[in-house]
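Worksheet: the structure to be examined is printed underneath.
The values are calculated or read from the model by the stated rules, or taken from the named source; none is laboratory data. Fair warning: this is a prediction, and the values are worked out from it, not measured in the lab. For neighbour counting, all protein chains shown are included, and Cβ atoms are generated from backbone atoms with ideal geometry for every residue, glycine included. For accessibility, only protein heavy atoms count, side chains too; no ligands or nucleic acids. Shrake-Rupley method; radii C 1.70, N 1.55, O 1.52, S 1.80 Å.
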Amino acid sequence: MCLIPFNIEQHLLGSSDLEYYVDDLPFPDSLEQELSLWACMWRSQADKPSTLAETLADRRACPLMYPNITKIIHLLLLTSVTASGVERANSSLKCISKHNGRR
């Protein structure tokens, strides 16, 4: 969540914080520089997006200028959907187990 522009002031983010995503990045060697530019750009803005979706929709989060960061944000948006799907499936299995146990 440190990539969200609204949170830039509260957190210092380095490429080591994003090691998990390195294999998925288009240009992993430039991630550190890209993070510096990203933070510098958003610190100078008065109005900042406060969610991942708002950040991607904002024209200032240009995928040509910030390809690694926009890729990570896309992956983060997908992760929440994937995780909630698993949680729903586990919840459903619990209901099935209870139902089968009553027979």
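What to note about this one:
- Any hit, the stretch 55-66, residues being modelled with pLDDT under 90 and of a type outside the set (Val, Ile, Thr): no
- In the stretch 2-45, residue nearest to the chain's Cα centre (by Cα) [restricted to those that are open to solvent by 50 Å² or more (accessible area, probe 1.4 Å), within 18 Å of Leu75 (Cβ to Cβ) and touching a residue at least 40 places away in the same chain (Cβ under 8 Å)]: Asp24
- Scanning the stretch 5-31 for residues that are out of contact with any Phe, Trp or Tyr (no Cβ under 8 Å at 6 or more places or on another chain) and under 16 Å from Pro63 (Cα atoms) gives Asp24, Leu25, Pro26, Phe27, Pro28, Ser30, Leu31.
- Qualifying residue in the stretch 46-53 (condition: at pLDDT below 90, open to solvent by 80 Å² or more (accessible area, probe 1.4 Å) and among the charged types (D, E, K, R)): no
- Any hit, the stretch 73-86, residues being at pLDDT 85 or above, open to solvent by 80 Å² or more (accessible area, probe 1.4 Å) and either in contact with a helix residue (DSSP H, G or I) (Cβ under 9 Å, 6 or more places away or on another chain) or part of a loop (DSSP other than H, G, I, E, B) (or both): yes
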